[in-house]
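The values are calculated or read from the model by the stated rules, or taken from the named source; none is laboratory data. The structure displayed is predicted, hence computed values, not measured ones. Cβ sites come from the backbone with ideal geometry, for glycine too, and all protein chains shown count toward neighbours.
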Amino acid sequence: MLKRRVNETVPGEGNRIAVAAHNPVMASGSAPWIKAGVPALVLAPMDGVTDAPMRALLSEIGGFSFCVTEFLRISHSVPGPRAFRDHTPEVANGCRTPAGLPVQVQLLGGDPDKVAQAALVAVQVGARAVDLNFGCPAPTVNRHDGGAVLLNHPARIRAIVSAVRTALPRQVPVSAKLRLGWENPDAIHVNAESAAEGGAAWLTIHGRTKSQGYRPPAYWMPIGAVRARLGIPIVANGEIWSIEDIRRCRDQTGCQHFMLGRGALAYPTLALAAARELGICRSAAKDRFGRTPAEWLPLVKRFIEINGAMSASPRCTVARVKQWLRIANHDGQMPWFESIKRRESPEDVVDHLVALAAISPAS
Ligand SMILES: Cc1cc2nc3c(=O)[nH]c(=O)nc-3n(C[C@H](O)[C@H](O)[C@H](O)COP(=O)(O)O)c2cc1C
């Protein structure tokens, strides 16, 4: 049972984070998605990182309104129910994480009919909201007519969103996630308008072009310009690592909705602190999170435990731990990560962290 009560802490080691702190989403039982005038925080889809175990862990900690799965790519054939159940195991649980956080399923593809058919299968299997990816910069994805390459074709964005919108029951929201453009950031205006015309209920905008990759900074101003022009809610995304960033992003965009990616992985209490800042929940969490092995040990242990409960293989679990800590170490303040890289089993990772924690206690 992963669900925890308000202000309960992760077992072991006297960990300092309060988990699932007063989250109205979990308390009300209703799926909030994005609504105008209601602030929200969304956990970013991150292929190979924010998978079901990570979604389970971060939703135990709390602060998010909902999360989005990594993309499921729709290319030659339409995936069957089993592919969706494997990709989004939460469909067996009302499309919520074990802690009760709603999960939105993300699809990626360039063929409107196939993506629409896939969306219908997703909903038949249990998805309750669908997001469409128009931002992935990976060359293999782009070469196969998916992700950011569609930013060069606004009419196709409209057609894909519209086909999915038409295929699904009205109560299932469809949203789109865009970058500012392929190379030209001004393309966001026509692309956002096309997605809205196609029937997107809201848009998430990552404030960078495909060519800008993940290099800082993210450009938030154009996100605000789109929000001011379009009549649908906009979720601002990119380079939010602290409460100060949320404030600056809110000032520059006028947005009330934010998506957190790498920041939430590097500072696992950031969403809780941000939720308090936005008036979503009460919490005493700090946006900063310790950088020492002692501070990371309970979280890593819990993540490994969740992976085990979800039948992830030891190899995959270790790979996911390393991927997470690599992102967490974005500022180079976790030099001990170098020695974690050499660990080969979950037990080895934990034993090594315990040993490191013993010689370098929490700051
Ligand atoms: C490793 C990795 C995987 C990602 N996978 C996806 C994905 O599956 N779908 C998607 O829409 N965006 C994906 N993204 C983009 C993130 O959702 C987000 O837009 C980006 O990281 C910027 O937000 P951040 O600065 O808060 O991390 C990915 C990003 C990273 C770093």
Quiz item: Restricted to segment 30-46, and to residues that are of a type in the set (G, A, S) and in contact (Cβ under 8 Å) with a residue 40 or more places away in the chain, which residue is nearest to the ligand (Cβ to nearest atom)?
Solution: A44
Quiz item: How many residues, within segment 317-332, are loosely packed, with under 13 Cβ neighbours inside 10 Å and not small (G, A, S)?
Solution: 1
Exercise. Could you tell me whether A275 is of a type in the set (A, V, I, L, M, F, W, C), within 18 Å of the chain's Cα centre (by Cα) and away from the ligand (no atom under 14 Å from the Cβ)?
Key: yes
Practice problem: Please specify each residue of segment 129-144 satisfying the condition of being more than 21 Å from H189 (Cα to Cα) and in a loop (DSSP other than H, G, I, E, B). | Solution: A129, A138, H144
Exercise. Looking only at segment 339-349, decide whether some residue is under 30 Å from I243 (Cα atoms), surrounded by 17 or more Cβ atoms within 10 Å (Cβ to Cβ) and charged (D, E, K, R).
Key: no
Quiz item: Would it be correct to say that E197 is within 24 Å of D113 (Cβ to Cβ), assigned by TED's automatic domain parsing to the domain that holds R229 and either more than 14 Å from the ligand (Cβ to nearest atom) or not hydrophobic (A, V, I, L, M, F, W, C) (or both)?
Solution: yes
Quiz item: Which numbered condition trips up P137, out of (1) over 21 Å from the mean Cα position of the chain (by Cα); (2) surrounded by fewer than 22 Cβ atoms within 10 Å (Cβ to Cβ)?
Solution: (1)
Self-check item: Failed condition for S242, given (1) polar (S, T, N, Q); (2) crowded, with 23+ Cβ neighbours inside 10 Å; (3) more than 10 Å from the ligand (Cβ to nearest atom)
Solution: (2)
Quiz item: Checking A264 against (1) within 21 Å of K322 (Cβ to Cβ); (2) among the small types (G, A, S); (3) surrounded by fewer than 20 Cβ atoms within 10 Å (Cβ to Cβ), which test does it fail?
Solution: (3)
Quiz item: Yes or no: N329 polar (S, T, N, Q) and in the same structural domain as P346 (by TED's automatic domain parsing)?
Solution: yes
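Residues are listed down the side, and each one gets a yes or a no for (1) surrounded by 20 or more Cβ atoms within 10 Å (Cβ to Cβ); (2) closer than 18 Å to W324 by Cα; (3) in contact (Cβ under 8 Å) with a residue 24 or more places away in the chain:
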{"residue": "G48", "(1), (2), (3)": "no, yes, yes"}
{"residue": "D51", "(1), (2), (3)": "yes, yes, yes"}
{"residue": "A56", "(1), (2), (3)": "yes, yes, yes"}
{"residue": "I61", "(1), (2), (3)": "yes, yes, yes"}
{"residue": "C67", "(1), (2), (3)": "yes, yes, yes"}
{"residue": "S75", "(1), (2), (3)": "no, no, yes"}
{"residue": "G80", "(1), (2), (3)": "no, no, yes"}
{"residue": "A83", "(1), (2), (3)": "no, no, no"}
{"residue": "G94", "(1), (2), (3)": "no, no, yes"}
Quiz item: Among the residues of segment 145-185 satisfying the criterion of being among the hydroxyl-bearing types (S, T, Y) and in a helix (DSSP H, G or I), which is surrounded by the fewest Cβ atoms within 10 Å (Cβ to Cβ)?
Solution: T166
Quiz item: Got a sec? Which of G110, G126, G80, G63 is farther than 30 Å from A285 by Cα and within 16 Å of the ligand (Cβ to nearest atom)?
Solution: G110
Self-check item: Condition met for Q124 (in the same structural domain as A44 (by TED's automatic domain parsing) and under 17 Å from P169 (Cβ atoms))
Solution: yes
Self-check item: Verdict on S313 being among the small types (G, A, S) and buried (at least 21 other Cβ atoms within 10 Å of the Cβ)
Solution: no
